[in-house]
Structure formats: structure tokens, C-alpha cells
1. Could you please give the count of residues in segment B:133-189 that are within 8 Å of chain A (Cβ to nearest Cβ) and among the charged types (D, E, K, R)?
2. Name every residue in segment A:31-51 that is facing chain B (nearest Cβ under 8 Å), part of a loop (DSSP other than H, G, I, E, B) and among the charged types (D, E, K, R), in order of residue number.
3. Does at least one position in segment B:568-581 carry a residue that is modelled with pLDDT of 80 or more, more than 43 Å from the chain's Cα centre (by Cα), farther than 30 Å from residue B:447 by Cα and not hydroxyl-bearing (Ser, Thr, Tyr)?
4. Got a sec? Which of B:393, B:384, B:375 is at pLDDT 75 or above, within 30 Å of residue B:469 (Cβ to Cβ), of a type outside the set (Phe, Trp, Tyr) and within 27 Å of the chain's Cα centre (by Cα)?
5. Quick test of your reading of the structure: residue B:591 fulfils all but one of (1) farther than 20 Å from residue B:659 by Cα; (2) in contact with a strand residue (DSSP E or B) (Cβ under 8 Å, 6 or more places away or on another chain); (3) surrounded by 16 or more Cβ atoms within 10 Å (Cβ to Cβ). Name the failing condition by number.
6. When you look at residue B:468, is it more than 29 Å from residue B:749 (Cβ to Cβ), aliphatic (A, V, I, L, M) and surrounded by 20 or more Cβ atoms within 10 Å (Cβ to Cβ), yes or no?
7. Checking residue B:510 against (1) more than 31 Å from the chain's Cα centre (by Cα); (2) modelled with pLDDT of 80 or more, which test does it fail?
Amino acid sequence: MDVVIYLIPIAIAMGALGLVCFIWAVRSGQLEDMDGAAMRALQNDDGSISSDSDD
Amino acid sequence: MSAVHQTAANDDTPRVGADCCDAATFSDYLISKSAPKPINDHIPECDPSAFVVVDDNGDETLSLFVENLHCAACIHKIESFLLAQQGVTKARVNMSTKRLSIAWQAGQTEPSKLMHGIAALGYPVTPYDPSDLANIKDTEDKRLVSALAVSGFAASNVMLLSVAIWSGHASDMGEGTRTLFHWISALIALPAVAYAGQPFFQSAYKALKSGHTNMDVPISLAVILASVMSIQQTMVGAEHAYFDASITLLFFLLIGRYLDQRARAKACSAASQLLGLQSKAAIVIEPSGHRRSVRTRDIKPGMQMYVAAGESIPVDGDVIRGRSEIDVALISGESIPRLAETGSQVFAGTVNLTGPIEIQATASVDKTLLSEIVRLMETAEQGRAKYVRLADRIAGVYAPVVHVLAAVTFLGWLIIGDASWQTSLMTSIAVLIITCPCAIGLAVPAVQVVASGRLLQAGVLLKSADALERLAEIDTVVFDKTGTLTLGQPQLVGGTYTDDALSLASALASHSRHPLSRALSRTLSADRTYDFKNICEVPGYGLEAELDGKRIRLGRREWCGRPPEDKHNTNMELYLSSGLVKPARFEFQDALRPDALATIDSLRRAGFKVELLSGDILSVVQKTATALNIDTWQAECLPAEKVAHLETLAARGQTVLMVGDGLNDAPSLVAAHISMSPSNAVDVSQTASDLIFQGRDLKPVLIAIRVARAAVRLVKQNFVLAIAYNIFAVPLAMAGLVTPLIAAVAMSSSSLVVTLNALRLRMLR
């Protein structure tokens, strides 16, 4: 049962880490442009879109 | 897709953004089939230096609104073009808000060059001042999200410990362990409550200061008292502490708050963006002839402004050079443009169609006709703001009842139960906690979220939070005619012409932005192309061109060489004279929306009274009213008369839904109990109305009313559920039987029940 004495702080610390990361994300505008992020997923590393449209 | 390309490419004006993706090509095709905003074919050279801001690194930055963004390829095109320019350090497109942010090393490049380059790619841009749109909403939103995150983190960790404690009651957890867990819970919960409770504490404080209570008062009271009491209990090593109740309460309530906020924010931004696009920047001509971009609010009377074709006029003024046709639908509701030449007066917000003009401003932007009407609307808005939402009405009753119950419990235990004051206090706080309004806090936002999602599916944008409640209360629907019951665009309905004449005329007409020309060019078939030379549009008269050496004219009767008639001219006809085909006449009519008759019949069958108020002439309005079986109608109404009529209806006790689109409707849109606008309405009307519906059908009006009624029904059900839960739980609390475990379970289950009930809206047909 004594193991609890250091398990609880570890659990809280992990949770706090997650919280800090989330707050950072909100503050630094990571959640600003959700549509843009969705579209940028389709870009190549240099930003281009590989096009294969040939009607 | 090639046929589509050809249709799109027949116009001389460069089709913008049409080659980045299939979606763009298709939407472009659709645009050419409907009535778009006039297209900028003239990219004015102007100097946006008024909008350039120097940031902390010493770089210069510029913020722009961008139009025609469709897809990832658009982002790539713009960003790669900008980053390839010398000196540009940052170029970022925000797809959600359709804005672009550029930064470059000072002096390395010219912002006007960048703007021109982007526009030439096919994306019209307008500079804006970021501080104008600086949202208090944004910071509030962020604060709410942070509070939500903190309370979520704290709630889950405290719950972790609480479940351990509850199990400890059943098995054998020593007092020392339990107290340790209580202290750890305190450590987590108290700072979290202090931070995450701010939105509620501040709101409750404001309400109390102004002498009344709102929903946040019992919430804040419950949370603070629970925390204080729990800490005291922990210090004496007692059995129960309510940390989990207070922090979980905050968590659920913050979810409700956040959903509510998001619903409002999404709706507002559409309108504010439209306003931003149209009127923030204008081009002033300095005495030296140099053109500069300025903020619309910086325009002073006497300044000379340049208005390109396709732009809206920034302030009221007199034309000093140029000749063009102005789309005055904003003011008069007419779809036929008015001629403007040197000396004519033009008004802010109307659109310059044919060619560039220079005007001398006669008013600053806050004194224009447009702003007068906006002010009229704002005063009417004050009256609107007095509407008390259902939730607040319930809160008005709820808060005192809860406090009375808690006080009764305290006194009851103290006097009748003969308990110590600590026990009595604990029991009364338990009452406060259990009557927790978290179900009530979620009752409305949950339904609202599901309802706006359902409405969005039907193409209706909900703009204000209490719109659903107000919409559910109506018994009368008043329609405007042009643009609301009709499509607002002329359609070719008849006349005398041969197929050759039609083909020739529509090919020629595709070079003009005049509504009648657009109507003609919509009938264009792709198989014949004509090689017109010397195409020239003469404002007020028509289009002229040369083909195979012959002169062709498409326009007014007299100009095309016909003898003038004195029979009644409905203004909606074009004549074609050419040496190649027989002279032809084309007749146009503003067509009704395809399902207008069906929708009005459904409304009447559902028991609503339907009326028609229009600014158009008597004969046309009468014809429309008969066609739609509307018995009560008025024609030739001025905006003030429309408002007066609405006030008469209100005095008679009728609650009115106003559906309208023009600026001449805007005051009545605000004066009505609730209002809707089609999405092709002018920006001011879109701002004035509570709901905006898209598409060519009138059906969204019916759907919106149905959804609103269902939503209000569900909200009332939710309140009943929440109160039923309270009726069950309060006696338990008063009897002192509520432990933290029971409190937590009760809270969670009531919130869950309320949310699930809200989801039933999805099942609505």
C-alpha cells in the first residue's frame, strides 16, 4: 500500500504535463485554423500538391 | 469537365481560382449559372501602406482577406508564390477564417506588388486592420477552453482519488490514508476551482452587484461553500469531503458554457467577415494622382475615391469622372441597375457594375445613408436584447428556491434535528450541491448544438443564441418579394427570337455584368463561338460589337433602332439588332423560387398567417400574391412603412417571422420578433437577421420553424428531467443521506440524461 505514496504524485505529474501541453497549444494558436490544418495534410514536404488530374 | 471549362472561359473576364482543383472548376460552373457578386476584372493598383504593421522582429506585416479559397492547392499556390518573393519571411493562409498573413523584411519588397501578384493568381485580396477585428471573443474563448482543460484535468485526478476513498468505505481504508487522499484532492481541486470557476464567479458578482441573481449565483455559492466545507472537514479528519463534487460540477458547466459560446461565435464570424470584406478598405486618389488604400473609416468628405468595376462604393458621393451602371438593389430592391454619370449621386454599399468611376466623397463613412440605416437597426436591437431567454427565466425562479431550501435545511437540522451547527451546515451545503444546476446548465446548450447542426444540414445558419426560442413562438410569417420569394435574378421567359439570334445575343451578353445580360448568357451553349471585335458596353444603353464587319447591338429599344413605344414598359426586355439575323426581342421576368408555392401552402396548413410586403409596383406584387395564394399583401412599401406594419401586427398580439433580403428590409428584419434572410441577401441584411438560409429553395424556412419548435420542446423536456431529478434528490439531501458518491453519480447521470435527450433532435424528419 505504501507504493501509493509515490504512484499518486507520478499520476498527477503526468496529468499536469498533459494539461500544460494543452494550454500551450491553445495559447500558441495551434487550434486556430482547423480547416487549414486538414488541407495541409495533403501537401508534400515542400508544400506542393502532387496533381494527377487528367480529365 | 472540358465543356464546363469552356462555359467558364467564354467570358473575357478572367475566371478566378478555376484551375486549382475539380471543386473549384465545378463551383465556378455553378457560379456562372447563378447570380454571383460582380467579378473583379480590373485589379486596381493601390498602395496598402496604411495597413502595414511592423511587428516585434522589425519585419513589416500585412493582413489580408482572401476570396476564392477552395482547397489545399489554393493554399499552396498562394504561399509558394509569396515565399518565392524576395524578402518575404512568412506567408500563412488561415483556411477557417479565409485570411492571409504576410511578413517581409522591411524595405525588401512592396506590399502592393505582393497583393497584385496574389490577385493575378485568381484570389482577390482586401487588406484589413487586425485590431479592428481583434476579438474580445477570441481571448474569452481561449480563457474558457483553458478553464475547461484545467477543470477536466483536476476532475479526473480528483475522481481517481475519490473512487479509491469510496471503495475504502466499503473495505477497510484507514483514517490516515483517507485523510491523506483528502489532502491530495484538496491540493488538486482548490487551485483548479479558483481558476476554472472564474467565469462563474465573475458573472455572479456582476449580477449581485446590479441587484439580481442569475444562474451563476447558486453555482458559485455551491462551489465555494463545498470547497470551504470540504477543506474544513479534511482538517478535522472527517469522513466526507466534497472536492470531487465541486470540481466535477465546474467541469460539466464549463462544457455547457463552451458549447454555448461556440454556437454564438460561429454565427457571428460569418457576418462580421462579410462586413469586413466589403467596407474596410477603399482607394483614395491623392492630388498627385497616386492611388492609395485607406481604411474606410478614414475617408473624409471631399476626398476623391476610385471605385473599380465590381467593387462596392465605400461612402456616399458624387461622380466626378466615368460612367457606369450601379446596382442599387441594396437600397431599392430593384434588380435593374441605375445609370451613374458625372454629377450623379451614389450611395455607400451599392455595387459599381460596368466601369471604373471616380467619386468625390460627400460624407464620411459613419454619416452615409447606409450607416443611418444601420443605426436605425441598432436602436431596434436594444429592444430585441430585452428578450429573456427561457434558461434565464428558469434561473430567476430556481435560484431563490434553492437558497430557501438550503436555509430551511440548515435551520431544520439545527432546531428540529438538534444537531451541531457543523452538521447542519454540511447538510445544507449538500442540498446546495445536489440541486446542482449542471443538468440545467447543459439543458439548453446541448439542444442548441444539436439543433444548429441539424439546421446546418438543411442549409440554415443560426446566428443568435436565442433565435430558436423566438422562432418557435411565431404565428405569422411576413415575406418580402424580390430576392426572397423570387430568386432575385431575371430569367429569360419569352420574346420573339430565332435560335441563331439567341445564340448570338447570349454570346455577346456574356461580356457584360448587367443582370439582363447575365440572364441571357446563362442560356449560352458551348458549341458556337463568335469572334467579336471592338466589344464596348455603353452604360445605360447596351452592348455593341462588330462581327464579320457588321455592327451588332444588344440593349434598349430605341438604341437598337426600334421606334419607341408608349405601351407600358416593364423594363425587363432587351433588343438585338444586327445585320446578320432578324432583329429580336427578349423578355425577362424575375422567377419565383421553385418551391415557393409549396412552402407557403405548407405554412398555411400548419396554421401560420402568411403576408407579403414589397417595395415593388402594385401590378407585379398583386400577380405574385395571387400566384402564391397570399391574401394579405401590400405593394410599394417604403422601409419605414414595412416597420410600421410590423408594429401594427405586434400590437395586435401576433408574433412575426420576417423573411427579407434587401437593405430596404433591414429595419423590419430587426423590428420583427425574429427574421431570416436568404444567403444572396446584402451583407447588412445578413447581419440584421437571425437566420440565414442558402440555396434556391424556400423550404429551409419551413425546416427552421420545425426544428425550432422541436428544440424548444426538448429544452422544456430537459428542464422537466432536471427538475424531476431535483425533486428526487433534494429530500435525500435534506435527510442528510447524500454522500459525495451519491452526489457525483447523481450529477453525472442527470447531465448524461439531458444530453442524450438533446440528441433526440437528430431523429426529427
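1. The number of residues fulfilling the criteria is 1.
2. Listed by number, the residues that qualify are A:32, A:33.
3. no
4. On the way: B:384 fails: at pLDDT 75 or above; B:375 fails: at pLDDT 75 or above.
The conditions single out B:393.
5. (1)
6. The answer is no for residue B:468.
7. All conditions pass for residue B:510, except number (2).
Yes or no, residue by residue, for (1) at pLDDT below 85; (2) buried (at least 22 other Cβ atoms within 10 Å of the Cβ); (3) assigned to a helix (DSSP H, G or I); (4) not aliphatic (A, V, I, L, M):
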{"residue": "B:159", "(1), (2), (3), (4)": "no, no, yes, no"}
{"residue": "B:181", "(1), (2), (3), (4)": "no, yes, yes, yes"}
{"residue": "B:203", "(1), (2), (3), (4)": "no, no, yes, yes"}
{"residue": "B:207", "(1), (2), (3), (4)": "yes, no, yes, no"}
{"residue": "B:231", "(1), (2), (3), (4)": "no, no, yes, no"}
{"residue": "B:255", "(1), (2), (3), (4)": "no, no, yes, no"}
{"residue": "B:262", "(1), (2), (3), (4)": "yes, no, yes, yes"}
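The values are calculated or read from the model by the stated rules, or taken from the named source; none is laboratory data. This structure is a prediction, so every number in the text was calculated from the model and none was measured. Glycine gets a Cβ as well: all are built from the backbone with ideal geometry, and neighbour counts include every protein chain shown.
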